[in-house]
Amino acid sequence: MNPWPFVIAAYGLGIAAILVLLVLSWRGMRRAEAAVEHERERERAR
Amino acid sequence: MHRFANPARFLRIARPATGWTLWPGLVLSLAGFIGGLFFVPADYLQGDSFRILYLHAPAAWLGMAGWSGLAIAGIATLVWRHPLAALAGRAVAPVGALFAAICLASGSIWGRPTWGTWWEWDGRLTSMLVLFFLYLAYIALADAERARGPDSEGRIAAIFGLVGAVNLPIIHYSVIWWNTLHQGRSISIVEGRSSIDPSMLWPLGLTFVGLTLLFVAITLMRMRADIARIKLAMRLQRRAEAAR
Amino acid sequence: MTAAPKTQRLLLVILAIAALAGAALLALWGLQGRAAYFVTPSEIAAGRVEPGVPLRLGGMVSAGSIAPVGDGNSFRFRLEDETATTTVRYRGILPDLFVEGSGAVAEGRLLANGEFAADRILAKHDENYMPPELAERAERATAETVAAP
């Protein structure tokens with residue numbers, strides 16, 4: 001049995017899953033922190 | 001103990017630490033994967049399919065380390081009422097669940113060409129699957145508890161995190177206590193022993209350290225997002241009260 | 001004397017952990033025999049296995065024991081552990097990693113004559129990983145040690 005399809009499938013799945021969670025968490029963090037910053041600016045403006 | 005209780009103080013460390021863990025984590029993981037896939041000799045018995053090891057073993061370690069984190073956060077919540085502990089637990093759980101899932105999926109794919117089966121209900125495989133389901137339960141529990149309001153302090157999830165930690169030694173010793181299809185452990189840090197030939201070992205060190213750093217980076221991002229959301233909710237509430 | 005609430009909670013959590021660990025240990029103790037994924041040839045030799053009951057048998061494939069039977073699609077080989085050996089009959093395709101001197105698990109049942117009839121074979125491998133040249137060298141070294149008087 002050629003092992004490479006199995007190796008590629010395992011790494012493809014694993015790396016894709018890690019990157020997806022990484023990007024989602026990064027975006028969630030940036031958005032949440034930007035919202036706080038935005039709110040602070042608005043408060044200061046008044 | 002309450003040195004880090006102040007979110008501002010925590011953030012002063014967490015902000016730079018996100019970058020310090022993210023970039024080295026990405027570089028080391030990538031280097032380890034490339035080394036394990038292309039630069040290390042094939043195994044005498046398994047051939048090239050053994051290369052899945054460089055993903056599978058660190059994923060297993062992180063799946064288990066993640067739950068150890070939940071247990072520690074649980075103790076900090078229950079004993080010291082540490083305000084960041086419940087938040088840390090909520091941030092760690094999805095990351096730990098992801099690595100447990102990667103461990104199960106990569107192990108299943110590795111099992112087909114070597115053992116001749118995708119899945120068998122042996123002690124190691126079953127206890128690892130149980131860990132994954134425990135993560136799902138923890139995530140659901142912590143979310144439900146949080147939705148109830150800020151005064152519940154995450155105590156139910158904390159208790160669940162402690163109880164679930166019973167599964168960790170079962171996973172670890174399953175290959176010793178019972179006859180399993182899964183092989184015994186190759187590396188013992190305590191005994192300083194490795195049954196992986198040194199020429200095949202170096203990428204494993206890289207992926208262990210690299211993926212651990214990525215785990216920390218993702219957890220920090222999730223904690224920072226959670227703190228920001230709480231801060232925003234508090235500000236909005238304060239403003240609404242002031243306007244009244 | 002009353003301890004601080006923090007200390008009280010710490011004691012309570014430690015007690016709860018101890019109780020939990022104890023309960024888990026007891027449960028595992030009860031599970032010990034039943035959670036095994038396979039039985040071993042020495043358990044068969046000790047008469048602890050009923051003939052005819054579906055089960056798995058695990059062991060090392062004895063050196064030089066794999067022999068085709070009849071049409072070439074059936075095989076006979078021996079599985080051994082430290083103390084005992086069981087002969088296994090199997091009809092079907094053997095997995096790639098099924099080699100002499102390596103581990104295997106056979107799914108089937110014990111026959112009245114003490115042989116094991118398998119419907120399915122899984123290859124087992126151990127925790128040693130090494131390059132082929134090194135394995136060859138190690139094998140030669142063992143062969144020389146065995147050959148020497």
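The values are calculated or read from the model by the stated rules, or taken from the named source; none is laboratory data. All values reported here derive from a predicted model rather than from experimental measurement. So basically every Cβ, Gly included, is an ideal-geometry build from the backbone, and we count neighbours across all protein chains shown. Each accessible area value is taken on the protein alone, full model and side chains, heavy atoms only, with ligands, DNA and RNA left out. Shrake-Rupley method; radii C 1.70, N 1.55, O 1.52, S 1.80 Å.
Quick notes
- Residues that are surrounded by fewer than 21 Cβ atoms within 10 Å (Cβ to Cβ) and either touching a helix residue (DSSP H, G or I) at 6+ places or on another chain (Cβ under 7 Å) or touching a residue at least 60 places away in the same chain (Cβ under 8 Å) (or both), drawn from segment B:35-45: B:G35, B:L37, B:F39, B:P41, B:A42, B:Y44
- Test result for B:V79, within 11 Å of chain C (Cβ to nearest Cβ) and either in contact with a strand residue (DSSP E or B) (Cβ under 9 Å, 6 or more places away or on another chain) or touching a residue at least 60 places away in the same chain (Cβ under 8 Å) (or both): no
- Counting only strands (runs of 3 or more DSSP E) wholly contained in segment C:1-91, the ones carrying 2 or more residues that are buried (at least 17 other Cβ atoms within 10 Å of the Cβ) occupy C:54-61, C:74-80, C:85-91.
- The listed residue being in a helix (DSSP H, G or I), within 14 Å of chain A (Cβ to nearest Cβ) and surrounded by 18 or more Cβ atoms within 10 Å (Cβ to Cβ), out of B:M234, B:M221: B:M221
- Test: residue in segment C:106-123 that is open to solvent by less than 40 Å² (accessible area, probe 1.4 Å), away from chain B (no Cβ under 14 Å) and among the β-branched types (V, I, T): no
- Subset of segment B:186-244 [among the aliphatic types (A, V, I, L, M) and over 28 Å from A:V23 (Cα atoms)]: B:I187, B:I189, B:V190, B:I196, B:M200, B:L201, B:A240, B:A242, B:A243
- Criterion applied to C:S102, C:S62 was being more than 14 Å from chain B (Cβ to nearest Cβ) and at negative phi, and the one residue passing it is C:S62.
- In segment B:131-142, residue nearest to B:R155 (Cα to Cα) [restricted to those that are free of Cβ contacts under 8 Å to residues at least 40 places away in the same chain and not small (G, A, S)]: B:L141
- Some residue of segment B:58-68 being within 9 Å of another protein chain (Cβ to nearest Cβ), modelled with pLDDT of 95 or more and buried (at least 23 other Cβ atoms within 10 Å of the Cβ): yes
- Residue, nearest to the other protein chains (Cβ to nearest Cβ), within segment B:142-159, restricted to residues that are surrounded by 19 or more Cβ atoms within 10 Å (Cβ to Cβ) and in a helix (DSSP H, G or I): B:A158
- Hey, B:L181 open to solvent by less than 30 Å² (accessible area, probe 1.4 Å), more than 14 Å from chain A (Cβ to nearest Cβ) and of a type outside the set (F, W, Y) or not: yes
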